[in-house]
């Protein structure tokens, strides 16, 4: 991008009455509807202005030989959903400005914005380019038709070719002659029809000349001692030659959209080229995409729902009620209430307590890389710093589910508080299993998530209670699944056991799991460990611990001395028997 001023056409000018005009100075687009150069504006584009601010209004960006850089007024800016709307009050100081208002009323004017070319920035989005920065310096009224597919052009190169600058000295006090006026009302000198006629003729001449030179350069030299034979690609042009405009369109579509017109095939190189490695192809270095592509595994979906406690020491002690039953005399570990008659003696009771002891454990990863590799592969160090910690998060999340509690956090599948309802059918997930698991949950919290192995999901998709799907929406496979069961999200995890094993489907309450950390992942690097090998060591350490708050499942209250069961905030479907 050169440093010329650039312009971009907006919408048509709308007359609002009382010498006010408006319209969209900028229209937002998307990657599927770019302009002819593949550019588009978005609501995130930095336009260098704010809503309710004002910007100056000119005619033809100050390049009209008569009006030059005279300000016609100021435009108020308003950001809307579809673009940037401007409204301006024309000052109507003379017949020229009145004539401009008449052109607007006749629908012959459009809006265009101007920006300094060296401040314009773009970024790749698919096969299009989003304009990141377009600092608007002014708004202009132009007889150029508003065309949403127009591309940004250099205002200097556009107008200099058609209207050479006129070096007319400015008198100290402008007179009627300065504006090339008579007593009659005249339109501005700029001739709209001549402008576009000359621009089209100039562009077509350039295109025709370029095509003629390109085709002549590719024609084989005629010699008397050999005969030129054509192949199938050469015959693609027979009876269907390129026209000038079609040629450039075909090249554009082949480059941007990968759609190759067969008529391009015979226009092949006869000397050194990229297609044959030994004839020059080896000399062309392919572009290397920034970054390193990798699979995404959903790591962090469980940790993101935890509420970790940061500790300053090496552990944490949590005081808890030692409650294992809701029967009379067992609630809160031994508190008992009585109904008493008048003057009856009260019976004493007391709660019991326990400690939850958490001590920080450590999970770590160590990676070596040569200094040459780090220097030559610019993306590697950033990739190591960002992605190796994902391995530590994987280890922690796996421990929250399966950890043995020795050197690792205690996972819920190994905890004494786990409740395991029996499976309704062998090696299967049945609709009856869902309410059975739901009935065994602790009802004092409502942050449950369902955890499932991917092998379980095909059966969950087909579950129904009566005619009502448990998981699949009413639209069937044509729509995305709800992603919830009984209103709680379902997460597919690598850590859950395979179909048929205990815990292949589990109900998990993050708030009932005590989890401590000492900050996040600690990263450090050193050149000293293998200094004599020119290798740098990258070390990552994550200190944490965790276990369920519940020491055991709790027996439900036996209403009227009836049947009891056990409940817990961690419910895992039992293994196949």
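The values are calculated or read from the model by the stated rules, or taken from the named source; none is laboratory data. Keep in mind that this is a model prediction, so the values were computed, not measured. No Cβ is skipped: glycine too gets one built from the backbone with ideal geometry, and neighbour counts run over all protein chains shown.
Descriptive notes on the structure:
- Residues satisfying the stated conditions in region 445-468, i.e. in a loop (DSSP other than H, G, I, E, B) and in contact (Cβ under 8 Å) with a residue 24 or more places away in the chain: 445, 447, 448, 453, 463
- From the list 340, 392, 374, 380, the lone residue that is without any contact (Cβ under 8 Å) to a residue 60 or more places away in the chain and either part of a helix (DSSP H, G or I) or out of contact with any strand residue (DSSP E or B) (no Cβ under 9 Å at 6 or more places or on another chain) (or both) is 340.
- Of the set (1) in the same structural domain as residue 359 (by TED's automatic domain parsing); (2) part of a strand (DSSP E or B), all apply to residue 532 but (2).
- Which listed residue, of 539, 543, is touching a strand residue (DSSP E or B) at 6+ places or on another chain (Cβ under 6 Å), over 22 Å from residue 369 (Cβ atoms) and not assigned by TED's automatic domain parsing to the domain that holds residue 454: 543
- Every residue from region 333-346 that is surrounded by 10 or more Cβ atoms within 10 Å (Cβ to Cβ) and on the phi < 0 side of the Ramachandran plot: 335, 336, 337, 338, 340
- Residue count for region 498-528 satisfying the condition of being assigned to a strand (DSSP E or B) and in contact (Cβ under 8 Å) with a residue 40 or more places away in the chain: 11.
- The requirement of being within 26 Å of the chain's Cα centre (by Cα) and either free of Cβ contacts under 8 Å to residues at least 40 places away in the same chain or assigned to a loop (DSSP other than H, G, I, E, B) (or both) is fulfilled somewhere in region 51-70, by at least one residue.
- Residue match in region 82-102 (condition: more than 22 Å from residue 143 (Cα to Cα) and either exposed (fewer than 15 other Cβ atoms within 10 Å of the Cβ) or not assigned by TED's automatic domain parsing to the domain that holds residue 137 (or both)): yes
- Only listed residue being within 18 Å of residue 76 (Cβ to Cβ) and either crowded, with 21+ Cβ neighbours inside 10 Å or in contact (Cβ under 8 Å) with a residue 12 or more places away in the chain (or both), chosen from 7, 21: 21
- Elements of the type strands (runs of 3 or more DSSP E) sitting completely within region 86-143 and holding at least 3 residues that are at pLDDT 85 or above and more than 30 Å from residue 17 (Cβ to Cβ): these cover 121-125, 128-133.
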